[in-house]
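Structure, as structure tokens:
Since every read-out is calculated from the coordinates, none of them should be taken as a lab result. This structure is a prediction, so every number in the text was calculated from the model and none was measured. Cβ: placed from backbone, ideal geometry, glycine included. Neighbour counts: every protein chain shown.
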Amino acid sequence: MHVLSVPSTDGVVLQVQDRGVWYPPSAPSSSHLEGADAEAPVTMLLVHANGFHGRVFDPLVDALRAGAASRGRAVRIVTFDMRAHGASTPPRVGEKTDTLRWDRFADDVLAAAEAIREGLPDERVMTKNARVRVHAVGHSLGAHAALRAEARAPGTFASIYAFEPIFMLGPEDAVPRGVFSPDLARAASRRREAFASRAAAAATFASKPPMRGFHRGALEAYVEHGFVDCVQDEDEFVHPTPPAAVTEEAPSSSSRKEAPSSSRGGSVRLAMRRDDEALVFALGARETEAMRSVCAPGAVSCPVTIARGSTRARHDPTLTPYPAFVAGVLAERMGKETARKPRLETRSGWDHFAPVADPGGFAERVWNHVADVARDSGAEESRSRTERTRVDGEKEKRDDRDERDRVSRHDARSRL
């Protein structure tokens, strides 16, 4: 895995994790990928939820590779930590009430996508003079950011698989009774930040929802890469690499230094401060214009699947979780306004944390989405070829008719 530091806006430096190209045993070697008819690896950019980081997708990366193997496909997967998350820096300039707005996370998505297009460091893939088609896979805030990135820069993505993207309804929209939406900003502000060790943190998280429902590998990665050591007499966070630097392996969180936490005297603390996580939730609740920006005519032209979990809350089946509710609203509004009607799929066995709770099932849905996009693209291309053939045929008939008319007029003038 290559780790890069990629600059974004507001002085942010993102950690981007290029997982490289994975070739199934039946796939051709890189030397066979240079031909015009070769099938290029499927490239995916995974975008995490608020409070998480790119490494929580480790089990999902494995599951996506397993899905590639069963399909005989090569796949390149890239993850990254958004601003103030994991090993990425918080904004260096400006006020956080501005630089942690949800539209700023779209800046981070665009920066990561641009790094992919410029060519990530893997000599086995021939990207020179070729446009890399990137499929975005987003979760919650990450799905929101991917959609807003595409709306701002159409053509960034070949497709988007958006799992429960969070958008707030405007004041003119009434949320129906029975839709359940907890105060996540308040909950985040009360989180315990510091623990005696990563093992203690993992044990605590594994004992209570929602993390006790996570895949074990996702929880372990969340703790390993989502905490920093508290070192006495250090007064700033030292990030491991400057912009554009490349290393072979991600530095462990134990190699990074952090100021001692004032919270309960623990020896490790969350890399993303709880106040920042709470602020991100609070700012998202104010961005009621965001849904209009992605539903505007022509805003998102790439194929989109909006996926959601159960529409019944686990703690009370009479209630509908807000993320599942708003996913349906978004799909309906995008279908009315955008060039392509998004697919809406519901998985009743999932909740909001499906990407990190059921990576195998989630990966299967992502691959089905990619296959649907390819099939629809092929059908569209076939229709385009048919239409071009029809137009060319009609033009040829007109040209023949015009030529006959020209000859007839010439012969008529000759007789005169």
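In sequence order, the range 304-317 has phi-based couplings of 10, 10, 9, 10, 8, x, 4, 8, 10, 5, 5, 7, 7, x Hz under the Karplus curve 6.51 cos²θ - 1.76 cosθ + 1.60, θ = phi - 60°, and Gly or Pro positions carry x. Between the amide H of Phe180 and those of Thr320, Tyr322, distances stay under 5 Å, these residues lying 5 or more places away or on another chain, with hydrogens modeled in the peptide plane.
How would you rank 198-211, 40-53, 344-357, 98-111, highest first, on the average number of other Cβ atoms within 10 Å across their residues? Could you put the intermediate results ahead of the total?
Details: 198-211: 14.9, 40-53: 24.9, 344-357: 19.4, 98-111: 22.0.
Packing proxy ranking, top to bottom: 40-53, 98-111, 344-357, 198-211.
Close amide H contacts of Val12 (hydrogens built in the peptide plane, cut-off under 5 Å, sequence separation of 5 or more or a different chain): Arg92. Under the rule a/c < 1.5 gives rounded, and otherwise a/b versus b/c splits prolate from oblate, where does the range 271-367 land using the Cα gyration tensor? It is oblate, given that a/c is not under 1.5 and a/b is not larger than b/c. Inter-label distance, Arg92 to Ser70: 4.5 nm, where each label sits 7 Å from its Cα along the C-beta direction. Placing pseudo-labels 7 Å out from each Cα toward the beta carbon at Asp372 and Ala200 gives an inter-label distance of 4.7 nm. Approximating the spin labels as points 7 Å out from Cα along Cα→Cβ, the Thr318-to-Arg409 distance works out to 8.2 nm.
Length gain on complete extension for the stretch Ser301 to Glu345, per 0.36 nm per residue less the alpha carbon to alpha carbon distance? Taking 0.36 nm per residue and subtracting the Cα distance, the gain is 13.9 nm.
Listed values for the range 109-117 are Karplus-derived 3J(HN,Hα) couplings in whole Hz (6.51 cos²θ - 1.76 cosθ + 1.60, θ = phi - 60°), namely 4, 5, 5, 5, 5, 5, 4, 5, 5, and x replaces Gly and Pro.
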